[in-house]
Amino acid sequence: MRFKERVLATVTRLAAVLLVPLAACRAPGNACHAPGNACRAPGRARFLACQWALGLRFPAEDLRGLAPEALTAFMCARAEAFWRDGQLIGLTSGHRDAAEQRRIFAEEVRRTGSISAARRRVLPPEESMHVRGLAIDVRPTEGARWLEQNGGRYGLYRVYENEWWHFEFRTVEPVRLPHPDAAAEACAHGIAFGLCPLHGNGPWHYRLSPLAAAADCPPMYGDPGDPAKGPRRRW
Ligand SMILES: [Zn+2]
C-alpha cells in the first residue's frame, strides 16, 4: 500500500472512532444482520460510524440501486473488515442501469474489436449482475483480498479469476470462472459433447442433452426461482 493510502486509512480509522459517540446517539442498540448470518460488527454505533468514515474516504461511491440483500451483506462485511482487521473496503461500482451497462459493453467492443473479446471483461445488460443490483466492484486490492477470504459469510463471492474487484451476492457459493465469458465458451465447446448450461445466472450448472450436439444451446432459464422465465424450448 502506498504511503498516501496508508495515511488516509489511518485518518479514516481515527474518524470512525471519533464518530462513534455521535453514531451512538443516532442509532443506539446492537446488531445488524446479513441474510442468514449474524453481522460480526460490534454494535450498531460502530457499524454506523465506520459507514460514515468510509463514505468520507470514498466520497464517489454510490450504494443506491443495490438489491437490499446485497447492500446489507456489503455493509456488514465491510464493518467487520474495518473493526476486526482494520481493512477499508470501498465501492467502485455497484448498480448500473441497463443503458449504462449497454454503453460500457459497446465501448469495450469498440476497444477490443470483437464481442467475444469484450465479454471477457464486460457482460451485456441482460446478463450483468450489476444491472440486477447483485454485483459490487470494490477497492483497494487489500480490501478485495479480505472480502475474498471472508465475504462468503455474508454471501459475497469473487466469481471471476480475471476480476479481483468483482463480487456477487449469491445464496450458494459459485464455482469460480476464468472470466465472464467462460460459461459461453464452455457452452460452445460443451455442446460438442452434449452439454449445455441450464441457467443464465448459474454458469456452473450443465445438463446433458441429446439435442445439444445437433444444434446450438437452447434458451436458458433466467432465474431458477422464477418458473415464468423458463426456456421456450422443451428439453
Ligand atoms: Zn463488476
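How many residues does region 88-107 hold that are buried (at least 20 other Cβ atoms within 10 Å of the Cβ) and either of a type in the set (Asp, Glu) or more than 16 Å from the ligand (Cβ to nearest atom) (or both)?
Residues meeting the conditions: 1.
Condition check ((1) in contact (Cβ under 8 Å) with a residue 12 or more places away in the chain; (2) closer than 22 Å to ALA9 by Cβ; (3) assigned by TED's automatic domain parsing to the domain that holds LEU54) across all residues:
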| residue | (1), (2), (3) |
| --- | --- |
| MET75 | yes, yes, yes |
| PHE82 | yes, yes, yes |
| PHE105 | yes, no, no |
| ARG110 | no, no, no |
| ALA117 | no, no, no |
| ARG121 | yes, no, no |
| ARG153 | yes, no, yes |
| TYR157 | yes, no, yes |
| GLU161 | yes, no, yes |
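Working only within region 117-138, note down all residues that are away from the ligand (no atom under 15 Å from the Cβ) and either in contact with a Ser or Thr (Cβ under 7 Å, 6 or more places away or on another chain) or open to solvent by less than 70 Å² (accessible area, probe 1.4 Å) (or both).
ALA117
Which condition breaks for TYR154 when tested against (1) at pLDDT 95 or above; (2) open to solvent by 60 Å² or more (accessible area, probe 1.4 Å); (3) away from the ligand (no atom under 11 Å from the Cβ)?
(2)
The values are calculated or read from the model by the stated rules, or taken from the named source; none is laboratory data. Worth saying up front: this structure is predicted, and the values here are computed from it rather than measured. Glycine also receives a Cβ, built like all others from the backbone with ideal geometry; neighbour counts cover every protein chain displayed. The accessibility values were calculated without ligands, DNA or RNA, using every heavy atom of the protein model including side chains. Shrake-Rupley method; radii C 1.70, N 1.55, O 1.52, S 1.80 Å.
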